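Q: Starting off with a structure, shown below.
All of the numbers you see were taken from the coordinates with simple rules; none came from a lab. Since the structure is predicted, the reported quantities are computational estimates derived from the model, not experimental observations. Ideal geometry is used to build each Cβ from the backbone, glycine not excepted, and the neighbour counts take in all protein chains shown.
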Amino acid sequence: MRFEAGGENREIAAMLRVSERSVERWRRQWREGGHAGVASMGSPGRPRPSDAQMAGLERELERGPLAQGWADQRWTPARVKTAIGRLFIVSYTVEGTWRLLRRYGWSWQQPRGVRSSVTTTRWSCGNERCGRG
């Protein structure tokens, strides 16, 4: 670690392209807590929905897009994102919605051999995290 080697704040800041104040703060955290004091805690991200919230989302997805006010029976990631926003009063990106559903065992399903734009597509869960499996 550069602090142990006696690196100057100015040099470290220039090398990492950060402010000297950041380096000063990190050095203080390092003095007080060692390597653990400066270890990254990762991105705070979005809070994960509770099991009860995911059960509520599953019920809404099973009711279908028509029940949510959509004109057809296709669940798209953007529509699921909107449903999550309505249910949880939280905003996810479409990509974040996709990751959330995958984390809980949901996968995109489309009936085999049917390529019509009015096809019923749905999210389906096939593991124990969402109560099936």
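Q: If you take every residue apart from residue 37 with its C-beta less than 11 Å away from the C-beta of residue 37, what net charge results, scoring Lys and Arg +1 and Asp and Glu -1? List each step's numbers first, then the result.
A: Values: positive: 25, 27, 28, 31; negative: 32.
Around residue 37, the surrounding residues sum to +3.
Q: On to the next question. Distance between the C-alpha centers of region 9-34 and region 64-79? Whole Å please.
A: 50
Q: Among 30-38, 94-102, what's the highest-first ranking by average C-beta atoms within 10 angstrom per residue?
A: 94-102, 30-38
Q: Determine the sum of side-chain charges near residue 21: Lys and Arg each +1, Asp and Glu each -1, restricted to other residues whose C-beta is under 12 angstrom from that of residue 21.
A: Values: positive: 10, 25, 27, 28; negative: 20, 24.
The answer is +2.
Q: Something else about it: Any idea how far apart residue 68 and residue 93 come out in nm if each label point goes 7 Å out from Cα toward Cβ?
A: Computed distance between label sites residue 68 and residue 93 equals 1.9 nm.
Q: Another question, then. If each residue of separation counts as 0.36 nm, what is the full-extension length gain between residue 2 and residue 41 once their alpha-carbon separation is subtracted? Walk me through the intermediate numbers first.
A: On the way: separation 39, 0.36 × 39 = 14.04 nm, distance 1.96 nm.
This chain segment gains 12.1 nm when fully extended.
Q: Starting with the highest mean, order 74-86, 12-24 by the number of other Cβ atoms within 10 Å, averaged over the residues of each peptide.
A: Working: 74-86: 17.6, 12-24: 13.4.
Descending mean neighbour count gives 74-86, 12-24.
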